[in-house]
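K.L.:
First the structure, which I've put down as structure tokens, then a few questions once you've had a look.
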Amino acid sequence: MIEATMRTLRGNQVLRFLLAGAINTLFGFLVYTAAIVIGAAVWLALLSGIVCGMIFNFFSTGGYVFRELGWGRVPRFVFCYFLVYLSNLKLIEWLSLWVGNAILAQAILTLPIAALTYVLMARFVFFRKPPA
């Protein structure tokens, strides 16, 4: 049973993304939450979480999920994270008006932002060119 699960995990990119993403998201969310608790503005807390996790995320997402760590992918990786950051920030600002709390807003947005990140990483950063 465990062996079959491990084979499935090794062979399924989406499952690997979910596992790596859970660890990456937890780390980024903890940094974000800590920054909010100590009084940082939402934009700075979110930026802190993204910057602190970006290097780790490149290796976990590129190496473990997509199995591709070419340094030439770093600019696209950073650009996609910039887009994720801007989208996330705007959504937190909007959702905070409804839920009244930036930490709760980020918790609600975790899965949609993870989905956006996966799509961007799979299509624009760690894509594989079809054989010629």
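K.L.:
Can you tell me how many residues within segment 94-132 are of a type in the set (Phe, Trp, Tyr) and part of a helix (DSSP H, G or I)?
P.N.:
4
K.L.:
Could you name every one of the helices (runs of 4 or more DSSP H) located completely within segment 1-65 that has at least 3 residues being at pLDDT 85 or above and touching a helix residue (DSSP H, G or I) at 6+ places or on another chain (Cβ under 8 Å)?
P.N.:
Passing ranges, in order: 13-37, 42-57.
K.L.:
Residues that are over 20 Å from residue 27 (Cα atoms) and hydrophobic (A, V, I, L, M, F, W, C): does segment 102-117 have at least one?
P.N.:
The answer is no, given that none of the residues of segment 102-117 is over 20 Å from residue 27 (Cα atoms) and hydrophobic (A, V, I, L, M, F, W, C).
K.L.:
While we're on this one: With the condition kept exactly as written, say whether any residue in segment 69-77 is part of a loop (DSSP other than H, G, I, E, B) and of a type in the set (A, V, I, L, M).
P.N.:
Yes, some residue in segment 69-77 is part of a loop (DSSP other than H, G, I, E, B) and of a type in the set (A, V, I, L, M).
K.L.:
List every residue pair whose Cβ atoms lie under 7 Å apart, where the two residues are 6 or more positions apart in sequence or sit on different chains, the first residue falls within segment 115-130 and is more than 16 Å from residue 16 (Cβ to Cβ), and the second residue, located anywhere, is of a type in the set (A, V, I, L, M, F, W, C).
P.N.:
116/84; 120/80; 120/83; 120/84; 124/80
The values are calculated or read from the model by the stated rules, or taken from the named source; none is laboratory data. Note that the structure is predicted; figures quoted are calculated from it, not measured. Here the Cβ is made from the backbone with ideal geometry for all residues, glycine too, and neighbour counts use every protein chain on show.
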